[in-house]
Structure formats: structure tokens, C-alpha cells
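Here is the structure we will look at.
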Amino acid sequence: MATRTLKKTAWDRVRLARDPGRPHVRDFIAGIFTDFEELHGDRLVNDDPAMVAGFGTLDGMHVLVLGHNKGASVEENMASNFGMVNPDGYRKAMRLAALAERFHNPIVTFVDTPGAYPGREAEERGQAEAIAKSLEFFAAVKTPVVVVVTGEGGSGGALAIAVGDRVLMMENAVYSVISPEGCAGILWRDGAKAPEAAEALKITAADLMSLGAIDEIVKEPAGGAQKNPAAAIANVKKAVVAALRGLVKVPLDELVANRYKKLRAYNPPGKDS
């Protein structure tokens, strides 16, 4: 008798996106890029380990790599605030993106964060301003930008490095303005309703593809990326290379104009702007 495969719910995807065995940014860097050289510091305050940044080579192209760093161990989790970036991290990203623009290097970003760091010091150092500046900067940067949502895409903390010409999303990643638990707490004052909130938020790759918020879904191995990280990383590499190869052919002024139109058109297909 054949076994029926049950369709994954939005909450199933959330749990897979948060699986600690899922590839993290340093796994993607090691599996996709060669000659990677990490750079540090925002030249204003300090270096934020929650934001990994550096230059590497991909399919013969010199590119800037940016990504949220959750860490692969408890020690790394704590050191990087579980991938929750401080203002210094966003400013580091912008500093190096300006360098990439100057030398005509494409940018690849890896998004995986519950959200921006909500601590007092982050607010005192201008968390909201840093995110807003990052959105403005990446909307206009004159070089191709490819975004990959690999795990959690949480609110403005994710969006700050997720403005790009092509937005890819792994099959079991999630991307939302708020976590399901946060949404459930606001709407129903009951965090136990997070699964219902996940469905309502439309946070899965399939949902966001239908809404026109992302451009491509990257398939994962059966059971999720944590079951076969090497295969998952290979799929991401293939998708990123294909996206970049198309974008580098577009004149820069046209590229930026198209990016702006893309941002202004974020609404369900067939709906008025």
C-alpha cells in the first residue's frame, strides 16, 4: 500500500527553517565561493560578528558576500546574538557594498535572522536609522545584487540586506514582517497559536512566490537542507550563478531602474499599485 506524503504546513516550514542542522552562512561561503577573504568593522564603532562580510570568487566573478551569522554552536550563537545584527553590522555591510560598487563587483547576500538585535545599546546607536539607510543604499547601489533567503527572514533585520535585483528563497525558508509567535501574541495574546499565525502571515516560499515578493524557489533535498547540506548548497550555488550571469549583462542605469520598479511593485499579481 502506497504511503501518502502529507503537505507541509507553514508551521512545518518554520520549524525546518530554524533547524540548527541547517546550513549556515559560513557553510554557504565554504561551499560556493573560493578565495574568500573576510573583512571586519564599520569604521565607526566596532565589528559585529552577526554580519559576515568579505570578498570571494564565484564562477570566475569577484563578488562581495554578506550574510547573517547565527552560528553553528552554542558559543557562536551567543557571540553573534543568534544572527540578530546590531547597527554596526548594517554599517559594515554598507561600507563594503560601497567598495563593491566602486570596483564593479556583484553582491550576494544570505538572509537568515529572527530580526535585528532589539537591545538597548542597539537602539542607542541608531538601529532604526541603520536599517533605513541600508534599505535606501541597496535600492540604489550600482552593481548587481542577488539575495538568498536561506532560513529565517525576520522583519527589517532581514530586509536590510534583502533589497536586490533577484531574490531567491530556499524551499523551506520563511520570510515575514514578524515571527509567528509575535503575531500570535499580538492578535490572540496566546503564543500557542503560532501555527495559525504562520498560515495567516503567508510566510512560505510558495506563498511569497505567488505574491510576487520573491523571484525563484531553490529546491531542497527530501526532508530539508539539514538532511543533505552539500546538495542544498549546490542547488543554491547553481541558482546564484544563473542569476548573476543574467544580471551582469544589464547596463547599470537600467539595472537600478528595474530594481526600483521591482520594489514599487511589491503587491499580489493583478492588483492595483
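What follows draws every value from the coordinates through simple rules; no lab data is involved. Bear in mind the structure is a predicted one, so any value in this text is a computation, not a measurement. Cβ sites come from the backbone with ideal geometry, for glycine too, and all protein chains shown count toward neighbours.
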Listed by chain and number, the residues whose amide H is under 5 Å from that of M51, excluding neighbours fewer than 5 places away on the same chain and using placed H, are N69
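I need T109, T9, T143 ordered by Cβ neighbour count within 10 Å, fewest first.
Final ranking by Cβ density, sparse to dense: T9, T143, T109.
What is the packing order of peptides 193-205, 253-265, 148-160, 229-241, taking the mean over residues of other C-beta atoms within 10 Å and listing the highest first? Before the final figure, lay out each step's value.
Details: 193-205: 20.5, 253-265: 13.3, 148-160: 25.4, 229-241: 18.5.
For the peptides 193-205, 253-265, 148-160, 229-241, the packing ranking is 148-160, 193-205, 229-241, 253-265.
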Cα centroid separation, segment 217-245 to segment 37-115 (Å)
20
Mind listing the phi-derived Karplus ³J(HN,Hα) values for segment 111-126, rounded to whole Hz, using 6.51, -1.76 and 1.60 with θ = phi - 60°, and x for any glycine or proline?
9, 6, 8, x, x, 5, 5, x, x, 4, 4, 5, 5, 5, 8, x
In debye to the nearest 20, how big a dipole does segment 175-273 give about its Cα centre with +1 on each Lys and Arg Cβ and -1 on each Asp and Glu Cβ?
380
Roughly how big is the chain's charge dipole about its Cα centre, with Cβ charges of +1 (Lys, Arg) and -1 (Asp, Glu), in debye to the nearest 20?
740
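If R₀ is 22 angstrom, what is the calculated FRET efficiency for the pair A132 and R102, using the beta carbon separation as r and rounding to 0.05? Write out the running numbers ahead of the final one.
Working: r = 23 Å, r/R0 = 1.04.
So the FRET efficiency works out to roughly 0.45.
Over the Cα atoms of segment 10-169, what is the Rg over Rh ratio if Rh follows Kirkwood? Intermediate values should be presented prior to the final figure.
Numbers: Rg = 14.5 Å, Rh = 15.4 Å.
Ratio value, two decimals: 0.94.
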If you plug each phi of segment 79-91 into the Karplus form 6.51 cos²θ - 1.76 cosθ + 1.60 with θ = phi - 60°, what whole-Hz ³J(HN,Hα) values come out, in order, with x for Gly and Pro?
5, 9, 6, 6, x, 8, 7, 8, x, 4, x, 5, 5
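Where nothing but the Cβ of Lys and Arg (+1) and of Asp and Glu (-1) is charged, how large is the charge dipole of segment 80-196 around its Cα centre, in debye to the nearest 20?
It works out to roughly 400 debye.
By per-residue mean of other Cβ atoms within 10 Å, what is the highest-first order of 172-184, 66-78? Show your work: numbers first, answer last.
Working: 172-184: 22.4, 66-78: 18.4.
Taking the mean over residues of other Cβ atoms within 10 Å, the ranking is 172-184, 66-78.
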In the chain, what percentage of the DSSP-assigned beta bridges are antiparallel, given to the nearest 5?
40
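With respect to the cross-link table entries K7/K133; K219/K262; K227/K249; K219/K249, which display a Cα-Cα separation exceeding 31 Å? If you can, show how the numbers build up before the last one.
Values: K7/K133 40 Å; K219/K262 23 Å; K227/K249 36 Å; K219/K249 26 Å.
Pairs exceeding 31 Å: K7/K133; K227/K249.
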Multiply the residue separation of T9 and H62 by 0.36 nm, subtract the distance between their alpha-carbon atoms, and state the gained length in nm to one decimal.
15.2 nm
Write down the percent of antiparallel bridges among all DSSP beta bridges whose residues are both part of segment 52-173, to the nearest 5.
35
Hey, of (1) 88, 47, 46; (2) 57, 44, 43; (3) 72, 44, 38, which did the structure itself give for Cα extents along the principal axes in Å when calculated?
(2)
Hey, what did segment 185-273 get for relative contact order, percent, Cα under 8 Å, at least 6 apart?
27
Can you list the aspartates and glutamates whose alpha carbon sits under 18 Å from that of K193, skipping same-chain ones fewer than 8 residues off?
D12, E181
Specify which residue in the list A160, L211, L187 is farthest towards the positive end of the charge dipole of the chain, using unit charges on the beta carbon of Lys, Arg (+1) and Asp, Glu (-1), about the Cα centre.
L211
Förster radius 35 Å - calculated FRET efficiency between K202 and A79, Cβ distance, rounded to 0.05:
0.55
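Assuming R0 = 35 Å, can you tell me the calculated FRET efficiency for the pair E254 and D190, based on Cβ-Cβ distance, to the nearest 0.05?
Taking R0 as 35 Å, the efficiency between E254 and D190 is 0.10.
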Separation between the V45 and A231 pseudo-spin-labels, each 7 Å from Cα along Cα→Cβ, expressed in nm?
4.2
Is the C-alpha gyration tensor of segment 11-102 telling us rounded, prolate or oblate? Criteria: a/c under 1.5 is rounded; beyond that, a/b larger than b/c is prolate, otherwise oblate.
oblate
Using only helices, what value at 222 nm comes out for the chain when you add -39,500 (n - 2.57) per DSSP H run of length 4 or more and divide by the total residues, to the nearest 500 deg cm²/dmol?
-12500 deg cm²/dmol
Proximal aspartates and glutamates relative to K92, as straight alpha-carbon distance under 18 Å, when same-chain residues fewer than 8 apart are discounted
E37, E38, D42, D47, D48, E101, D112, E121, E123, E124, E129, E136
Of the DSSP beta bridges with both residues in segment 148-237, give the percent that are antiparallel, rounding to the nearest 5.
10
